[in-house]
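Data first, discussion second: the structure below is written as C-alpha cells.
The values are calculated or read from the model by the stated rules, or taken from the named source; none is laboratory data. This one's a predicted model, so the numbers in the text were calculated from it and none came from an experiment. Counting neighbours? That spans all protein chains shown, and the Cβs are built from the backbone with ideal geometry, glycine included.
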Amino acid sequence: MPKIRFLAVLLAICVTVGCKAQTDSQAVSDPAANRRIEVTVRSQFNIPQDYDVAIGARKPSKISGYDELPVTVSHGTRSQIISFLISSDSKKLARLETYDLTHDPASNIDLSGRPVRGNPNAKVTIINFDDLECPYCARMHQQLFPKTLERYKDKIRFVYKDFPLVEIHPWAMRASVNADCLAAQNSDVYWNYVDYLHAHSDEVTGADRDLNKSNAALDRIARQQAAAAKLDAQKLDACIAKQDDSQVKESLKEASGLGLDGAPALFVNGERINGAVPEEQVWMAIDRALRAEGVQPPPPPAQPAEQAKPGGGN
C-alpha cells in the first residue's frame with residue numbers, strides 16, 4: 001500500500017465508541033520485538049510523533065509462515081486498527097490488502113442527465129470532478145479543450161461533475177448551480193458557460209473580491225450565454241433565483257464517497273488522475289483505456305523539428 005495513502009487512512013477521523021487499543025495482556029510477550037515493529041511502522045509510514053502505536057496479539061493467517069498482527073494507531077479519541085503480517089520468526093513485517101474487483105465505485109459514477117462533450121457513444125469516458133473557481137481546474141480544462149478532444153476526436157467523451165470547494169472558493173457553488181440551470185435547457189450552452197468561466201475567472205472574482213458582485217457577474221454571464229443560444233429566459237431566471245443546490249450536493253457526496261479531497265480529479269474509464277497533471281499523462285491514461293477497449297490510439301504527436309542554430313549548417 002502506498003505510504004501516502006496509508007498515512008491518509010491513519011489520519012481519517014472515525015467514530016471510536018467501543019474501539020480501543022489492545023491491552024498489554026493481549027500483546028505479544030516480547031517487548032523487544034514489539035519495539036522493533038513500532039519503530040518500523042512509524043518510520044516507514046511517517047506516523048506523526050504525537051500518535052500512539054499499540055501492537056496487538058498475533059493470530060493465525062492464511063499465509064504460510066506468517067501470522068496476522070493488528071496494530072492500532074490512535075490520536076486522542078480517534079483510532080484505526082491496521083492489519084499486518086509478521087513472519088513466524090519475527091524478522092519480517094508485511095502488509096497485504098485485498099480489493100473487490102467486482103465493486104469499483106469509480107465505475108459507477110452517476111452520469112444521468114450530465115452534459116456530454118465528444119462522441120456520446122465513445123468507449124472511453126473522461127469524468128472530471130470540476131470546480132469552476134479553481135485555477136488548477138482551469139489549467140486542466142484548457143488542456144482538455146480543445147487539444148485533447150482534437151487529438152482523440154470521436155474516440156472519447158467528456159462528462160463534468162460538480163465539485164465546488166466552497167471552503168476556499170466562495171463563488172464556486174453558485175457557478176455550479178448556474179451551469180446546471182443552463183444544462184437543463186441545452187448541453188452546448190452548459191459547455192460554453194464552463195469554457196467562459198475557466199477562461200475569465202478574474203472577471204468574476206473582481207479586484208475587490210466582493211462576493212455579491214461575483215454572484216451578479218455569474219448570473220450576467222449565464223444570461224448572456226442563454227440569450228446567444230435563444231434559451232427560455234424566464235425559465236433560466238427562475239432557476240437562477242431559486243439557487244437549488246441539491247444536485248450539486250449529491251455530486252459532492254459522490255466525490256466524498258470516492259475519497260476525493262481536491263480538484264480537478266479525473267477518471268478515465270475508472271482510472272483516477274489527481275490534479276492538473278501534464279496533458280501527456282492524461283493521454284497515457286486515455287491510450288491505455290482505448291487499448292483495453294480494442295481501439296487503437298492515435299499516433300504520438302509529431303515532435304517539432306529542431307531549429308538550426310545561428311551560424312551553423314548550410
Exercise for the section: With the condition kept exactly as written, say whether any residue in region 84-95 is part of a loop (DSSP other than H, G, I, E, B), crowded, with 17+ Cβ neighbours inside 10 Å and under 25 Å from the mean Cα position of the chain (by Cα). Expected result: no
Problem - Of residues in region 240-259 being assigned to a helix (DSSP H, G or I) and over 19 Å from the mean Cα position of the chain (by Cα), the one nearest to residue 183 (Cα to Cα) - result: 240
Exercise for the section: Give the residues of region 260-283 that are assigned to a loop (DSSP other than H, G, I, E, B) and closer than 17 Å to residue 130 by Cβ, sorted by residue number. Expected result: 260, 261, 262, 263, 264, 275, 276, 277
Practice task
Give the residue that is farthest from residue 297 (Cα to Cα), with candidates limited to residues of region 142-154 that are in contact (Cβ under 8 Å) with a residue 60 or more places away in the chain and either of a type outside the set (D, E, K, R) or surrounded by 20 or more Cβ atoms within 10 Å (Cβ to Cβ) (or both).
Solution key: 143
Practice task
Quick one: in region 237-250, of everything that is touching a helix residue (DSSP H, G or I) at 6+ places or on another chain (Cβ under 8 Å) and either of a type outside the set (Asp, Glu) or not assigned by TED's automatic domain parsing to the domain that holds residue 220 (or both), which residue is nearest to residue 193 (Cα to Cα)?
Solution key: 240
Fill in the blank from the handout: Filtering region 33-70 down to residues that are aromatic (Phe, Trp, Tyr), surrounded by 18 or more Cβ atoms within 10 Å (Cβ to Cβ) and at pLDDT 90 or above yields 66
Exercise for the section: Mind listing just one residue for me: the one in region 96-122 that is within 26 Å of residue 151 (Cα to Cα) and hydrophobic (A, V, I, L, M, F, W, C) and, of those, farthest from the chain's Cα centre (by Cα)? Expected result: 122
Practice task
Return a yes/no flag: does region 109-130 have any residue that is part of a loop (DSSP other than H, G, I, E, B), among the aliphatic types (A, V, I, L, M), free of Cβ contacts under 8 Å to residues at least 40 places away in the same chain and surrounded by fewer than 21 Cβ atoms within 10 Å (Cβ to Cβ).
Solution key: yes
